[in-house]
Amino acid sequence: MAETETVRQANAAAFDSLEVALDRGSPIPLYYQLAQQLESAIEHGALAPGNLLGNEVDIAARLGLSRPTVRQAIQSLVDKGLLVRRRGIGTQVVHSQVRRSLELSSLYDDLAAAGQSPATRVLRNEIQSASPEVAAALGIPEGRDVIVLERLRSTHGESVAHLTNYLPATLLDLDTERLEATGLYRMMRAAGITLHSARQTVGARCATADEGTLLDEPEGAALLTMCRTAYDDTGRAVEYGTHVYRAARYTFDFQLLVRP
């Protein structure tokens with residue numbers, strides 16, 4: 001019993017000794033700054049699997065933050081699989097499959113690998129201010145410049161998907177002519193950006209009239225939807241995508257594993 005308590009105190013001490021520097025004058029939200037520093041500490045071993053963070057009240061008091069700010073930071077890392085809340089124990093660092101080496105592929109790469117000769121028409125390639133949704137996904141202040149990239153992806157003369165991507169404006173140069181000849185992820189890799197992991201949500205809905213026109217489907221036809229935020233090997237969000245796919249032409253295939 002005493003040994004268990006000693007281990008618990010040692011695990012908690014790892015967070016207590018962690019240096020957290022917050023820039024309160026920065027436009028970057030405090031919850032995001034805290035989440036990034038905790039994620040970096042986990043990535044570099046300063047916080048190891050089994051270490052405890054303590055409760056939200058204590059963390060908030062130690063860092064001079066509000067409890068909702070701390071809760072939002074912790075929840076973002078729970079969502080990434082880096083932390084877990086355990087009843088009677090608290091918030092604990094865990095091993096996460098999200099942090100393992102993952103190979104991210106794009107629709108262009110998938111179609112090319114299948115010998116489907118993908119074709120791309122760029123509908124929009126411009127700079128605009130980040131909406132609240134886009135800013136939250138990319139971890140940047142609302143209103144900051146982002147690249148908005150809208151494309152129609154086809155194969156064998158038939159449309160497959162309508163793709164909309166948002167990227168930090170300073171990330172890389174996206175030439176429209178090149179975008180129509182290759183895939184976005186290929187251009188990112190060529191620019192030295194190492195894609196490492198992503199958070200993705202798949203859903204379904206009915207096509208709007210405009211989407212039906214683009215995708216050669218009647219209004220109300222079934223569409224698959226996908227939202228993805230991709231991260232590079234530093235943990236930076238480098239791309240947020242919202243895409244729709246013709247359900248009759250495309251499926252998502254997942255391999256599901258039981259977490260040990």
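The values are calculated or read from the model by the stated rules, or taken from the named source; none is laboratory data. In this text the structure is predicted, and so the values were computed from the model without any measurement. Note that we place each Cβ from the backbone using ideal geometry, even for glycine, and neighbour counts take in every protein chain shown. Heads up: the accessible areas ignore ligands, DNA and RNA and are worked out on the full protein's heavy atoms, side chains in. Shrake-Rupley method; radii C 1.70, N 1.55, O 1.52, S 1.80 Å.
The table below gives the values:
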quantity	calculated
Enumeration of residues in region 73-101 that are modelled with pLDDT under 85, of a type outside the set (A, V, I, L, M) and assigned to a helix (DSSP H, G or I)	79, 97, 99
So residue 154, is it small (Gly, Ala, Ser), farther than 17 Å from residue 125 by Cα, touching a helix residue (DSSP H, G or I) at 6+ places or on another chain (Cβ under 9 Å) and assigned to a strand (DSSP E or B)	no
Residues of region 131-151 classified as open to solvent by less than 20 Å² (accessible area, probe 1.4 Å) and touching a Leu at 6+ places or on another chain (Cβ under 6 Å), total	2
Unmet criterion (only one of (1) within 23 Å of residue 119 (Cβ to Cβ); (2) in the same structural domain as residue 120 (by the TED database)) for residue 202	(1)
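Listed here are the residues, each with its yes/no results for (1) at pLDDT 90 or above; (2) open to solvent by 20 Å² or more (accessible area, probe 1.4 Å); (3) assigned to a loop (DSSP other than H, G, I, E, B).
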site	(1), (2), (3)
199	no, yes, no
202	no, yes, no
205	yes, yes, no
214	yes, yes, no
225	yes, yes, no
238	yes, no, no
250	no, yes, yes
254	no, yes, yes
258	no, yes, yes
